[in-house]
């Protein structure tokens, strides 16, 4: 019997904990809870969850600190993180994404959409895209960049590069269609799903981080002024 994916909810509001936990449990997930930042990090180490739902405002250690710790620790660098917070300003969203969050949901929220986002993040982590083109193989190579969709791995010049789920999704989208120009909204729709609400600025942040991680290969991602982005063919 396949084990249920485990979701860790790091949230100090008991009502939110219960609401999120109930809906995830009903959707077939195993759920754990932590009420402080330090407890959350300890649970990540001991329980090895498949995904973390993270509040920003937490006792002892805030969500941004936890996110940075997860991303800078090799064992958890690719752990999916969904931030669930009342902080809804554009600057808060971009800061969360800059620190490595894969998704950002603001309170109040729809439990149905939250569950859908969790499922989508786990699918991306497993390398299971929403649509698979006929004849498409698991390996995609363009320029010096190699993408393994099944293993969710990227290498540049043979050297592994660690990307967040969102960065990986953007790179995979652009690499599958070299030379095509994608608007910011098209990128959001393809990587997140059509119910994802985010600003174009947040896409720019993700692309900036992606270019930086790719090093010199990042120059192949071009900005098309007034439209969006493309990968050189």
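Counting only Cα, what are the radius of gyration and maximum Cα-Cα distance Dmax of the chain, in Å?
Here Rg and the maximum Cα pair distance are 17.4, 51 Å.
Kindly express, to the nearest 10 degrees and within the range 0 to 90, the angle between helix 63-72's C-alpha long axis and the longest C-alpha principal axis of the chain.
Tilt of helix 63-72: around 50 degrees.
Using a Gaussian network model of the chain whose springs link C-alpha atoms within less than 10 Å, name the residue from 218, 169, 37 with the highest mean-square fluctuation.
The residue that fluctuates most here is 218.
How far is helix 165-176 tilted off the main Cα axis of the chain, in degrees rounded to 10, range 0 to 90?
20
Any idea what the relative contact order of the stretch 139-231 is, in percent, if you count C-alpha pairs under 8 Å spaced at least 6 apart? All intermediate terms of the calculation are to be shown ahead of the outcome.
Numbers: 116 pairs, mean separation 25.7, N = 93.
The value is 28 percent.
Tilt of helix 111-125 relative to the longest C-alpha principal axis of the chain, in degrees (0 to 90, nearest 10)?
50
Per-residue counts of other Cβ atoms within 10 Å, averaged by peptide: what ranking do you get for 11-22, 55-66, highest first? Let's see the in-between values first.
Numbers: 11-22: 16.2, 55-66: 18.8.
So the peptides 11-22, 55-66, ranked by packing, come out 55-66, 11-22.
Over the C-alpha atoms of the stretch 6-125, what are the Rg and the largest Cα-to-Cα span, Dmax, in Å?
12.7, 34
Over the chain, with a Gaussian network built from C-alpha contacts below 10 Å, which listed residue (143, 33, 220) shows the highest mean-square fluctuation?
Most flexible of the set in this elastic network: 143.
Once you have a ≥ b ≥ c as the square roots of the Cα gyration tensor eigenvalues for the stretch 139-231, tell me rounded if a/c is under 1.5, and otherwise prolate or oblate according to whether a/b is larger than b/c. Don't skip to the end; give the middle numbers.
On the way: a/c = 1.72, a/b = 1.43, b/c = 1.20.
In terms of gyration-tensor shape, prolate.
Determine the calculated [θ] at 222 nm for the chain from helices alone, applying -39500 (n - 2.57) to every DSSP H run no shorter than 4 residues and normalising by the residue count; nearest 500 deg cm²/dmol.
Working: 8 runs with 94 residues, N = 233.
Value at 222 nm, helices only: -12500 deg cm²/dmol.
Pick from 94, 141, 73: which is most flexible by mean-square fluctuation in a GNM of the chain where alpha carbon atoms under 10 Å apart are linked?
Among 94, 141, 73, the largest mean-square fluctuation in the Gaussian network model of the chain belongs to 73.
The numbers here are math on the coordinates, done by the rules we state, and not lab data. It should be emphasised that the depicted structure is a prediction, and the values quoted were computed from it without experimental measurement. Counting neighbours? That spans all protein chains shown, and the Cβs are built from the backbone with ideal geometry, glycine included.
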